[in-house]
Each structure stands twice: as structure tokens, then as C-alpha cells.
1. Suppose we keep only residues that are at pLDDT below 85 and in a loop (DSSP other than H, G, I, E, B) within segment 511-543. Which one would you say is most open to solvent (accessible area, probe 1.4 Å)?
2. Quick one: which of THR361, THR318 is open to solvent by 20 Å² or more (accessible area, probe 1.4 Å), β-branched (Val, Ile, Thr) and not in a helix (DSSP H, G or I)?
3. How many residues are under 28 Å from VAL486 (Cα atoms), open to solvent by 40 Å² or more (accessible area, probe 1.4 Å) and not in a strand (DSSP E or B) if we restrict to segment 23-59?
4. Quick one: is ALA80 within 30 Å of GLU471 (Cα to Cα), without any contact (Cβ under 8 Å) to a residue 60 or more places away in the chain, small (Gly, Ala, Ser) and open to solvent by 10 Å² or more (accessible area, probe 1.4 Å)?
5. With respect to VAL453, is the statement that it is assigned to a helix (DSSP H, G or I) and open to solvent by 10 Å² or more (accessible area, probe 1.4 Å) true?
6. Given the structure, is ILE176 closer than 24 Å to TRP58 by Cβ, of a type outside the set (S, T, N, Q) and part of a helix (DSSP H, G or I)?
7. Restricting attention to segment 682-728, which residues are of a type in the set (Val, Ile, Thr) and open to solvent by 60 Å² or more (accessible area, probe 1.4 Å)?
8. Check segment 404-413 and report whether any residue there is farther than 22 Å from ASN497 by Cβ and crowded, with 16+ Cβ neighbours inside 10 Å.
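The values are calculated or read from the model by the stated rules, or taken from the named source; none is laboratory data. Every value quoted in this text rests on a predicted model; they were computed, and no experiment measured them. Reconstructed Cβ throughout: ideal geometry from the backbone, glycine too, with neighbour counts over all protein chains shown. We work out accessible area using only protein heavy atoms, side chains counted, and drop any ligands, DNA or RNA first. Shrake-Rupley method; radii C 1.70, N 1.55, O 1.52, S 1.80 Å.
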Amino acid sequence: MLYAILSTFLVAAIAPAVHRVTGRASGWVLGLLPAALFVYFLSFLPAVSSGESIVLSWPWLPGLDIHLSFLVDGLSLLFALLISGIGFFIVTYAGRYLEGHRDLGRFYVIILAFMGSMLGLVLADNLIAMFVFWELTSITSYLLIGYNHENADARKYALQGLIVTVGGGLALLAGIVMLAMAGGSYELSEILANGDVVREHSLYLPLLILILIGAFTKSAQVPFHFWLPRAMAAPTPVSAYLHSATMVKAGVYLLARLNPSLGGTEIWFTTLALFGAITMFTGVFLAFRSTGVKQVLAYSTVMALGTLTMLIGIGTETALMAAMAFLLAHSLYKGALFMVAGILDHEAGAKDFLQTGGLRTALPVTAAFAILAALSLGGVIPLFGFVAKELMLESVLEAPGLVGILTLLAVLTAILGVAVAAIVGIRPWFGARVETPKTPHHEAPPAMLAGPVVLASLGLIFGLGPGLADEGLVNAAAASVQGAPVDGYLALWHGINWPLAISAFSLIAGGLLYWRWEQARRALAWVDQAAEYGPEKGYFKMMDGLVWFSEWQTRVLQNGYLRYYVIVIVVMTAGLVGVTAQLFDVSVGTVHFERLRIHEMAIIAVLAASMLFAVTTRSRLGAVAALGSLGFTVALVYVLYSAADVGITQVLVETLTVILLVLVLVLFRLPGFLSLSSSALRLRDAGIALITGGMITLLMLSTLDARLFDSIAQYFIEESEPSGYGRNIVNVVLVDFRALDTLGEIFVLALAAIGVYAMIRFRAEDRR
């Protein structure tokens, strides 16, 4: 399993070379990889269909008990087959669609890396590994959406998709850490088996909210739906792959995967069912309102994602069967329709439905399979979309709550869905011939037709024989989502019932809406004005605010003044130390002032007097002398505590420093101490100095009684001569046992010497 995923990244790395060698056949050659992966994953079908779950694991971070593990069950297998199977058609399609593009080799690299990331995401059994692949899909999709990087819109909307999904990813990271804490493991297979423990945990509500934010942003649920249609700035092969089988369904996959652990509660049902239903209706409404070919298809994907979220939220056995059937049906017809959109652009130059009409005679094969896929989109019998739509309506009518609002939105969605399917399946192919930007003279090449033909045909085959999709695939996937075997089944005919009546009514009403499409669109012109106050407007306001805040904090913090940098560093350090001390209840050791001797008090007095004189005097030489006094007094402290060698070093350093300051800096370079700062600023600096000094003092006192390990002094005493060949223990420690300390000190001295030399040389040159 691990090698299957790694193979996609390996082939991605050599894809440009393969493209240069194979030329226009590169799509077919590189398509062999996803084809081989599809066959490999298909080999798991017998075991998975019998109810078996396969876990494969490799040590990753053994110190943290984290493994690189993968889980193959019905849900992950369904996604893996879609990713690899549709991925084959996407790669071959892109080879001809982007033929001659200067960056086609780069496209292969990114699309194959994206495929590997998606496979890793849906197959990962470890939460950390899943999150890594989750973020990789965001990064690679950003590169795919912005593939035409010279286009301003491509860059703009690639960044929009990245900001929204990565922002949700940060929430998801916090959520999965809480989930691991609640479930007692980072392995999904173990967490899913402890659903009752997770649901009863005190962290259940916050972790649920965070995980839902991550899933909703990834799968474009209201109010995050706006980024998905904007991602249509990507080339059509990217749009087809993102919308049919990969990234936009990652959030849905996460919800389905965690359903056994997080589902079954009132908040889970209410949130997913309500947000999903609203997203479902919003998507199909905006699709009906749009005219751009890819835009209509993109909004209909929002509709499908909302439907899937709603069904997972309802959570009944019928709903979960409907969700998996709808997932498969949508992947088949949406992949086919996006590739058809690419053919319309490639052969006729048509990007808008208003630019199309009467193309069935010029593109008869494309038209036939586009109509077949559109019928599945509209849920028309006997297509597989009809089977999924019937189950969806049945699930809504049997929902354990919110039946009224869910039913209303489902009926409206069904009606508008038929109208949208008619726009896609009728408008470009029938009616009077419309002059397109390019005149199509022939069908698209086989590499571009293979995907629509196979995927649309599978929609018909699975519709006529639902058992082909049900046995071992849809049923096993639904069982994985439920966390227990399911007894449901897929059928083309369930008799005369309410779902069938709603379907029939939606066909009639949707047909009438399509008949009056032009008038309806004009009547909905207010949508454009309303969009000015929608969530996308909020996104752009947020980005403008982020730029303003960045400029402000740069002016305030990155202002070029060293003193402000030091102030920020020491204040933040003191604050963090204080907060940490409060959180962990750090105790301070007892201070015995009565043990102070007279000479120690004298040293303290000299230190304090030197410090006060240095910060209050207006004399440059006086300040230098006070600093020297301060340093010499510190050297005396070292001597008193048996660190004579350190004291000698301190004396030498202080002597040299005083001489340099007097001769080089004070006499020649520094201005006089006139009025460099106000009283308020001096009080501020004094307060900061006291806070910092107090922090260091408290840290020192807190270590008096803290001894986590035995003292190592005895070890140095015993090993100084036999191991370090020296009787001066301090020297041996510095030079042998802690050699890096000495190396650092040598580096500092060398740097100081270079600085002194530079100042003297600069002054000498300045005098010439």
C-alpha cells in the first residue's frame, strides 16, 4: 500500500522526462500508473466485500507511538478506485487537451502528486498521516488551480482556495489532536471502535466543531461554498478531477469516515443535515442561475456535496446507502460532463451555454454521451443517478428530525436539478445552430472521448443493473460508514411510492423551468446584487484587513530600531514565563536573607549603586566607569563562589571593554547625554527592566529546590584527570567535556575583534 502511494510521487518526479521522450503519447504512457493502481486496488474487492478490513502499518515515530498505517475497507476502497480509475482518464485526457502547452510536463508532476496525496488521505489509518496528506492535497490543488499562472484570475482564485482550505485545515489539526485524546489513540481503526467513549468525552463538542470546520471548508459547504466555482480558473482536466473524485470530496470522506465515532448525536444530525440541505439547495439554485459551462457544473457539484453531507448527517441505513450510491453516481456523470465541457472549449471554443446550440451534428458522439451523463445528473430512469436520487428522497422522508425543511429543500433541489441537467444535456446540442468562436470540424481525439464514453456508459450499466455496484462496493462502503453491516440494497424499481412521485413531479416542473430558462434568469438578476453581501465579499474584506494589519504591525514592530526589538523580546519572554509559572504552579525557593554576611551586603550595595549611577548620569565617562564598576563587582562575586578563573576572565573583559569604550566610542563616536528620551519613556524602560530582572530572579529562585537528577559534579571530579588529562577541573570541563561552549566563546571573541578592528579602521579612513 505504501509503495503504491509512493509510486505516484516517483512517477510524478520523472513525468517531465517521460513527456519529452514520448511526446503526444505521454498521456497514455503516464496513464498506465493510475490504471495499474486501479487493478491493484480492485484486487482487494473480494476481501472487502466479505466484510474484512485490512490494516497495514509501518513504524514512523516510534518514540511517540505513531505509525504510518493504512486502512482498506469499503469506504477507502471506493474512494481509491474512483481516484485511480478516473485518474487514468484525466491523465490521458490532459495529454491531448493540453497538447503543445509549454508546461505540460509540470502539469503531469502536479496532477500525479495530487493523486498520490488523495490516495494517502483516503487510505491513511493514522490521524497524523491523514492530516499530512490532507494538507498536501491543498498545496497541490493550489498549484493546479493556478496552473495558468500568468492569468491574474488563476493566481487570485488559487490563493482563495488555499486560504479557505488551509484555514479549515488548522482547525482540523486541533480537532484531530482532541479526537486522539478522547479516543486514546491516533489510529482511526481504534478510534472508530471506541465511538461511545468519544461521544461521552468532555472534548466531544469542541473537537466536533473543529473537525466540521475542516470538513466544511474542504467540501465547500455553506458559507464556504464560494471558493469551489472560482476554482474553475484551473484547466478543464483539473476541474474534472477535483470535482468528480478527489479534493472536494475529501471533507465528505472525513465525515463519512468519522461517522461511527462522532455520529449518532443530536448535534451531529442537526448540523450536518441542516448545513448539507442548505448547501444542496444553494448549489443547484446558483447552477440554474449561471450560464458558464464549467460554472454550472461547479455549482451542481456544490449541490452534490451538500446532498452527501445531509445524508451522512441523517445517518440511517437507507441514508448511508444513498450517500455511497450518490457518491458513485456523481463521480461518474460529473467526470464525464466536465470532460465534455473541455471538448466544447477545445473543439468549438465555447465556454458559455449562451454561445452554444445545434452542435449535435458536428459532435455526435460527444453529444450522445453528454446527454447520457446529463440524464444521470437529472435523476432520470434508468440511469444510476435515478437509483441514487430515489434513495436520497426516501432517506429524507424517513429522517429522524427536520423532515419538513429537509423535504422542502430536497423537492426544490430535485426540480432545479432537472432544469440544470436539461441546460447541460439539451442547450449545446439541440435547437438552431449558434455560431461558436471556433467551428468544430471533427470529433475530439480518442484520448479526450474515452473518459466521457466510459464514465457515462457506466452510469447506464449501473442503473440497469444496480447489483453490479451494490455487491461488494456500495454496500461495503455504507457498512464502513455505519460501523456495522447494512441490510440495504440498490434497485432500479421500488414500486410506486412517494420518492417516485416526487421524481416524476420534478421532471415535469424542471422541464417547464428549462423551457422558461431565459425569463427565469432575468427574473433572478437580484442574485448578483445579493452576492455583493455574501460570504465571498467577507473573504475579500478579511484579506484586505489582513493586509492592513500586516502593514500596521510592520510599522510598529519591524520599525528598524533595535531598542524596540529588545523590548518586545524581553516583555514577551517575561509574559510567557509568567503564564507558564501560573499554569504549572511553579514554586519559589525560600530566600534566607539572614544568612547574608557583611561583605556580601557591601557587594550588593556596590552593584546597585553602579547600576543606578549608570542609568542616571549625564556624563559619558561616568557611565562607562559605572559599567566597569558593575562588571568588576560581578567578577568579585565569581571569586567569592570559587570561580576564580571565571572572575579573572570577567576582569580582563571588563578592563578591555572600558578601555575600548573610552578610547574608541566615547571620545570619538558617541554623542553627549543630553535629552535622548522623555521621563515617561525612561519610566517605561525602568519598568521593563524591573519586570525582566524580576523574571530572571524568580527563575533562579525556582531552581533552588528543583533537582530532577543527581549532581554531575562528582563525575567531573573523578574523570577530570583520567579522561581529560588535566587537574584544573574547570578548564577540563570547558575544553573537553563542554568543548562547544569554548568554541562558542572563541567565536564571540573573534567576532568582537573583527568589530573593533572595523571601527578603528573606519575611524582611521575617516581622518584621511
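1. Across segment 511-543, the extreme among qualifying residues is TYR533.
2. THR361
3. 12
4. On the way: within 30 Å of GLU471 (Cα to Cα): yes; without any contact (Cβ under 8 Å) to a residue 60 or more places away in the chain: yes; small (Gly, Ala, Ser): yes; open to solvent by 10 Å² or more (accessible area, probe 1.4 Å): no.
The answer is no for ALA80.
5. yes
6. yes
7. Matches in segment 682-728: ILE691, ILE696, THR697, THR703, ILE712, ILE717.
8. Scanning segment 404-413, I find no residue that is farther than 22 Å from ASN497 by Cβ and crowded, with 16+ Cβ neighbours inside 10 Å, so the answer is no.
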